Amino acid sequence: MFGVIRRRPQLLWLLVPYVLYLGVLPFVNRVTPLVFGMPFLFVWLLGATLLTPVAVWLTRRADLQDRDRDRDRDRNRGGRA
Amino acid sequence: MNAVVATSVFAVFMVAAVALGLLALRGRGKGGGLAEWSVGGRSLGPVFIWVLMAGEGYTSFSYLGAAGWGYNYGAPVLYVVAYMSCGYAIGYVVGPMLWGYARRHGLVGITDMVAHRFGRPWLGAVVAVLATVFLLPYIQLQITGMGVVLSVISYGAVSLNWAYFVAFAVTTGFVVVSGLRGSAWVSVLKDVLVIATLGFLALYVPLHYFDGYGPFLDRLVTEKSDWLTLPGHGGGGSGLGELWFISTTFLNSLTVVIFPTTVAGYLGARNADALRRNAMYLPAYNVLLFVPMLLGLAALFVVPGLAGAESNLALFKLVVDSLPAWAVGVIGVAAGLSSIVPMAVFMLVIGTMWGRSVLSLVPRLAERQKSAAQVVVVVAGGLALLLTYTAPNTLVRLSLISYEGMAQLLPMVLLALVWRRLTFRGAFSGLIVGVAVVCVLVFSGNDPLGGVNAGLVALAANLAVALAVTFAGPRDPDPRPDAEVLAGDPVGDEDEPLAVTRAARGASDHRV
């Protein structure tokens with residue numbers, strides 16, 4: 001399992017929603033300050049909901065970069081042989 | 001007159017839903033075995049997977065229970081948003097993993113994954129029975145949900161008992177024949193209606209009743225501020241504090257990725273990348289879940305004093321009160337389909353589990369898994385309908401028990417696929433202990449326990465027992481190599497057809 005994280009550290013991005021929704025909950029569980037009249041907790045959770053896709057996207061982007069790099073390497077190796 | 005209009009709109013859309021579900025099979029002939037029916041032949045692209053999984057997650061709870069929670073407690077209901085977002089995110093890893101495992105070994109659900117992993121067909125049967133027990137209340141929940149919706153939007157013209165039957169009939173009407181693919185097609189209609197109606201209500205209700213969001217939010221903050229944070233209205237007495245929110249979200253986010261219906265969606269994917277893209281887009285759908293909660297809060301001002309199960313109708317009271325009959329009908333359809341799509345997948349999954357893992361143990365039925373599964377679908381749905389008539393219960397508690405029970409499968413299904421050392425004895429003893437703890441805590445009224453979700457307490461016990469028994473006992477005498485038993489980490493490989501990748505890899509190895 002730790003091997004996987006070492007090979008794909010980008011998987012840690014997937015913990016971002018856990019931090020946003022759960023980790024910091026005690027600090028954001030409040031009505032004020034209001035943001036455009038909205039209670040703070042709702043604004044925070046709404047923000048977390050909008051940021052979750054971004055976190056997943058960051059993992060995916062890094063995965064795609066890894067894949068391209070591996071392909072290039074394979075191709076170069078093949079070329080040399 | 002109102003009743004006739006709204007009910008007609010509803011009826012037309014229900015017929016359309018069944019037709020759409022059946023049309024999904026057009027051009028595919030009658031053939032195709034269990035995998036075609038159960039997991040759509042593993043051929044659904046990113047769009048269908050998104051629609052289907054969004055459809056499964058957004059059940060009748062979203063229209064009824066969520067608004068009811070919003071009305072009764074307020075903020076605690078947002079745990080649904082939180083766990084679905086977290087769960088969809090880790091689905092980025094788990095989805096492709098389960099998908100790859102199932103495809104490599106020709107599996108169609110968690111029960112035959114377990115059977116394959118531990119090399120014990122009967123274990124699949126045990127898990128199937130257990131999962132069925134946890135899923136049946138869910139079907140019942142959808143039946144009751146749809147019943148309540150139909151009865152309200154028909155202005156009482158359709159009785160609850162008939163409405164329950166309609167839910168059963170419409171769902172069975174397409175899912176028996178067209179399976180997961182049909183569910184995905186109906187889900188398209190459903191998602192369009194859900195997005196449109198909730199989007200509309202989110203704008204319309206504050207405008208209609210409060211002259212806009214500004215005044216609405218002002219009143220909320222000044223008059224109902226205890227609804228706006230955890231533990232919500234009712235204070236500590238509700239047991240819905242921060243610790244409850246955190247533990248429930250954490251547990252459910254893990255459970256949702258192995259929930260049999262989610263897994264059916266995963267396995268239906270054409271390739272692993274469809275699932276990864278889906279994990280990216282799906283959490284955005286959760287924004288819609290804020291709407292029923294807001295409407296529940298709005299109902300506090302418009303229809304105060306709803307008590308007990310009536311609070312589940314908070315949203316529909318507003319709808320019926322403020323909109324013309326045809327619009328009431330359309331919103332009813334969206335809510336109705338939100339019962340039907342998940343219910344179809346629940347029934348489908350039960351059918352699949354029994355066809356593949358239970359009835360297949362009977363030699364005579366082993367060759368006819370698909371037909372057996374289709375019969376089970378009708379039986380399971382019928383049983384849930386019967387339970388609805390004879391043993392009704394309130395909405396949310398039931399689904400929490402289902403989730404907490406299903407969570408106990410986590411070590412056996414998920415941990416086992418990444419950790420070879422976990423022995424059959426360990427996983428099985430853990431499961432028994434976990435389920436026992438859930439039952440004891442929930443039925444003795446100790447959920448949450450000291451503020452913590454009882455399912456999480458049970459899962460901790462489950463895991464502790466599984467580890468202890470594993471390390472105390474001998475290794476499983478299983479000669480198969482790791483690659484045959486464990487699920488891989490297939491990133492990159494499976495985007496091309498398997499044969500090509502293998503050939504390419506073989507070639508490059510040769511060169512090196």
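Any read-out appearing in this document is the output of simple, stated calculations on the displayed coordinates, not a laboratory observation. As the structure is a computational prediction, the values presented were derived from the model and not from experiment. Don't worry about glycine lacking a Cβ; one is built from the backbone with ideal geometry, like all the others, and counts go over all protein chains shown.
Taking chymotrypsin sites (Phe, Trp or Tyr not before Pro) across the stretch A:1-65, the ones in a DSSP loop with at most 16 further Cβ atoms lying within 10 angstrom of their Cβ are A:Phe36. Here's the picture: charge each Lys and Arg Cβ at +1 and each Asp and Glu Cβ at -1 in the protein assembly as shown, and of B:Phe216, B:Val186, B:Asn271 the one pushed furthest to the positive end of that dipole is B:Asn271.
Can you give the net charge of the other residues whose Cβ lies under 14 Å from the Cβ of B:Met113, counting K and R as +1 and D and E as -1? Don't skip to the answer; put the middle values down first.
Details: positive: B:Arg103, B:Arg104, B:Arg117, B:Arg120, B:Arg356; negative: B:Asp112, B:Glu484.
Counting the neighbours of B:Met113, the net charge comes to +3.
Around the Cα centre of the stretch A:13-76, unit charges on the Cβ atoms of Lys, Arg, Asp and Glu (plus for the first two, minus for the last two) sum to a dipole of about 40 debye. For A:Leu34, no residue 5 or more places off, or on another chain, has a built amide H under 5 Å of its own. The Kirkwood radius of the stretch B:220-311, taken over pairs of alpha-carbon atoms, gives through the Stokes-Einstein law at 10 °C and 1.306 mPa s a diffusion coefficient of 97 µm² s⁻¹.
Mind checking A:10-20 for the average number of partner chain beta-carbons within 10 Å of each residue's beta-carbon?
Working: counts 0, 5, 0, 2, 8, 3, 2, 12, 9, 0, 3.
The mean count of partner-chain Cβ atoms within 10 Å per residue comes to 4.
Cβ under 15 Å from B:Ser339's Cβ, B:Ser339 left aside: what net charge do those residues give with Lys, Arg +1 and Asp, Glu -1?
Working: positive: B:Lys190; negative: B:Glu56, B:Asp191.
With Lys, Arg at +1 and Asp, Glu at -1, the net is -1.
Taking θ as phi - 60° and the Karplus parameters 6.51, -1.76 and 1.60, the scalar couplings of the stretch B:369-374 work out to 4, 5, 4, 4, 4, 5 Hz in sequence order, x denoting glycine and proline. Every helix of 4 or more DSSP H residues in chain B counts as -39500 (n - 2.57), and over all residues that averages to -23500 deg cm²/dmol at 222 nm. With Cα atoms defining each centre, the stretch B:115-161 and the stretch B:233-248 are spaced 27 Å apart in the structure. Convex hull volume per residue, computed on the Cα atoms of chain B, equals 153 Å³.
For chain A, what does the equivalent ellipsoid look like in terms of its semi-axes, each the square root of 5 times an eigenvalue of the Cα gyration tensor, given largest first in whole Å? Write down the numbers at each step before the final one.
Numbers: eigenvalues 332, 36, 6 Å².
Value: 41, 13, 5 Å, ordered largest first.
Using the Cβ atoms and a cut-off under 14 Å, what net charge is assigned to the surroundings of B:His208, where Lys and Arg are +1 and Asp and Glu are -1? For residues surrounding B:His208, the net value is -1.
For chain B, what does the relative contact order come out to in percent, with C-alpha contacts under 8 Å and a separation of six or more? Before the final figure, lay out the partial values.
Details: 822 pairs, mean separation 149.8, N = 512.
The value is 29 percent.
Is the stretch B:190-247 best put as rounded, prolate or oblate by its Cα gyration tensor, with a ≥ b ≥ c the root eigenvalues, rounded for a/c under 1.5, and otherwise prolate when a/b is larger than b/c, oblate when not? The shape class here is oblate.
Of the Cα atoms belonging to the protein assembly as shown, the radius of gyration and Dmax stand at 23.9, 81 Å.
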